[in-house]
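The values are calculated or read from the model by the stated rules, or taken from the named source; none is laboratory data. Please read all numbers here as calculations on a predicted model, not as lab measurements. All Cβ positions, even for glycine, are placed from backbone atoms using ideal geometry, and neighbour counts span all protein chains on display. The area values use the complete protein model at the heavy-atom level, side chains included, leaving out ligands, DNA and RNA. Shrake-Rupley method; radii C 1.70, N 1.55, O 1.52, S 1.80 Å.
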Amino acid sequence: MESGLRVYILKRLGFAVLMLLGVSLVLFTIMRLAPGGPEAVLIGGEFSAEAAAQIRHRLGLDRPLALQYATWVGAAVRGDLGRSFKTGDPVASLIVDRLGPTLQLTLGALILALVVAIPLGVLSAVRRGSLWDTLGSAISLFGVSFPSFWLGIMLILLFSEALRLLPPSGLSEYGKEGDLAERLRHAVLPTLTLALIQMAAFMRFTRSSLLEALGQDYVRTARAKGVPGRQVIWRHALRNALIPVVTVVGLSLPTLVGGAVLTETVFAWPGIGRLAVGAVFERDYPVIMGVNLLVAAIVIGANLVTDLAYCLIDPRITYS
């Protein structure tokens, strides 16, 4: 690894630590200052002020806010994210149990969006003004116009209720948890819901970037030398056009994670999103903190990987 790249990575890692601290501090403060608390959920129904005070004392919520945050940070540095107020289980174990389904959903949606969007974007750019270009623009407009929860409900009504082709919710059928084909059938609708939204953005950026690249001098020179058209597009123009697309892919991760929260709720998908939504309603502060810290770390890491991917796409880019 060259020294310039090593220094760049170290700087980004240091910045990531500061970002995580900032995110945790803001989130911790907002949660503690918000009205209501876990005592109302834990006790339920009518409760006295004395009972609420006992619950808050047992959970350590009656201590000064700065001391609570310092205690949480000290434990988080050691890998201890605390225990759920609701179940008493370690937060890290709850997150690990739900992480697999969420990664399956988000990575599947990202791969599907890229596999479909990039060829459609190339086709729209090469055949500008044609029927394919119009169709691609219509798909792009459709994808960015509808929220994920509405799109998910419509897909359930069409493919599950009307056509009876795919299951409407869950990770698998009861008793068939180890059946790979059954798990894939359950993953189709939520993955498609999440992918359609990203597909639109990726296709639009691929089309616009490739149109700009096709007008450059090096493309005209390659064509004048008799280089085949497909080789000009896929080996020369598209490689330079992918740089802004890679940026969009990296920046789309927060949208993917945010969309996963709604998509998992609609499809009863047992992932991080449903865990976070349940924790918010139950005022389960440790779980909320743990989930948001994980999401922030994933987003920051994805941005770093995106920056490093520039070198692979365009060797002219250096970090020295």
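Residues in the range 224-240 that are open to solvent by less than 70 Å² (accessible area, probe 1.4 Å), among the hydrophobic types (A, V, I, L, M, F, W, C) and either without any contact (Cβ under 8 Å) to a residue 40 or more places away in the chain or under 15 Å from Ile197 (Cα atoms) (or both): Val227, Val232, Ala237.
Would you point out which residue out of Pro254, Pro270, Pro244 is open to solvent by 30 Å² or more (accessible area, probe 1.4 Å) and modelled with pLDDT under 75? Talk me through it step by step, then tell me what you get.
Details: Pro270 fails: modelled with pLDDT under 75; Pro244 fails: modelled with pLDDT under 75.
That would be Pro254, the only listed residue that is open to solvent by 30 Å² or more (accessible area, probe 1.4 Å) and modelled with pLDDT under 75.
Scanning the range 159-184 for residues that are closer than 26 Å to Ser252 by Cβ and open to solvent by 80 Å² or more (accessible area, probe 1.4 Å) gives a single hit, Leu184. Of the residues making up the range 177-224, those that are among the acidic types (Asp, Glu) and either assigned to a helix (DSSP H, G or I) or under 28 Å from Val144 (Cβ atoms) (or both) are Glu182, Glu212, Asp217.
In the range 23-36, the residues that are acidic (Asp, Glu) never reach a residue that is open to solvent by 50 Å² or more (accessible area, probe 1.4 Å) and part of a helix (DSSP H, G or I) with C-beta atoms less than 6 angstrom apart, at least six apart or across chains. Within the range 123-147, residues that are touching a residue at least 40 places away in the same chain (Cβ under 8 Å) and closer than 30 Å to Leu262 by Cα sit with their Cβ atoms under 6 Å from residues that are open to solvent by less than 60 Å² (accessible area, probe 1.4 Å) and hydroxyl-bearing (Ser, Thr, Tyr), at 6+ positions apart or across chains, in these pairs: Gly136/Ser124. Condition (residue is surrounded by 13 or more Cβ atoms within 10 Å (Cβ to Cβ) and assigned to a loop (DSSP other than H, G, I, E, B)) applied to the range 95-118: is it met by at least one residue? No, that holds for no residue.
Looking for whichever is at pLDDT 80 or above and either touching a Ser or Thr at 6+ places or on another chain (Cβ under 6 Å) or closer than 22 Å to Ile111 by Cα (or both) here; the options are Leu184, Leu211. Which one fits?
Result of the check over Leu184, Leu211: Leu184.
Of the residues making up the range 129-138, just one is open to solvent by 10 Å² or more (accessible area, probe 1.4 Å) and in contact with a Leu (Cβ under 7 Å, 6 or more places away or on another chain), namely Trp132. A Cβ distance below 9 Å, combined with a sequence gap of six or more or placement on separate chains, defines the contacts here; from the range 161-177, residues that are within 10 Å of Pro190 (Cα to Cα) reach residues that are exposed (fewer than 11 other Cβ atoms within 10 Å of the Cβ) and modelled with pLDDT of 80 or more in the pairs Pro168/Glu161.
The residue list Ser160, Ser169 contains one member that is in a loop (DSSP other than H, G, I, E, B) and touching a Ser or Thr at 6+ places or on another chain (Cβ under 9 Å), which is Ser169.
In the range 266-291, the residues that are closer than 20 Å to Leu103 by Cβ form Cβ pairs under 6 Å with partners that are acidic (Asp, Glu), at six or more places apart or across chains, as follows: Gly271/Glu264; Gly273/Glu264; Arg274/Glu264. Counting the residues of the range 273-305 that are acidic (Asp, Glu) and either open to solvent by 20 Å² or more (accessible area, probe 1.4 Å) or within 30 Å of Leu166 (Cβ to Cβ) (or both) gives 1. Is it true that some residue in the range 62-76 is in a helix (DSSP H, G or I), within 24 Å of the chain's Cα centre (by Cα) and at pLDDT below 90? Yes, the range 62-76 contains at least one residue that is in a helix (DSSP H, G or I), within 24 Å of the chain's Cα centre (by Cα) and at pLDDT below 90.
When you go through Leu155, Leu189, Leu194, Leu211 one by one, which is the residue that is open to solvent by less than 70 Å² (accessible area, probe 1.4 Å), touching a Lys or Arg at 6+ places or on another chain (Cβ under 8 Å) and either at positive phi or not polar (S, T, N, Q) (or both)? Working first, answer last.
Working: Leu155 fails: touching a Lys or Arg at 6+ places or on another chain (Cβ under 8 Å); Leu189 fails: touching a Lys or Arg at 6+ places or on another chain (Cβ under 8 Å); Leu194 fails: touching a Lys or Arg at 6+ places or on another chain (Cβ under 8 Å).
Only one candidate qualifies: Leu211.
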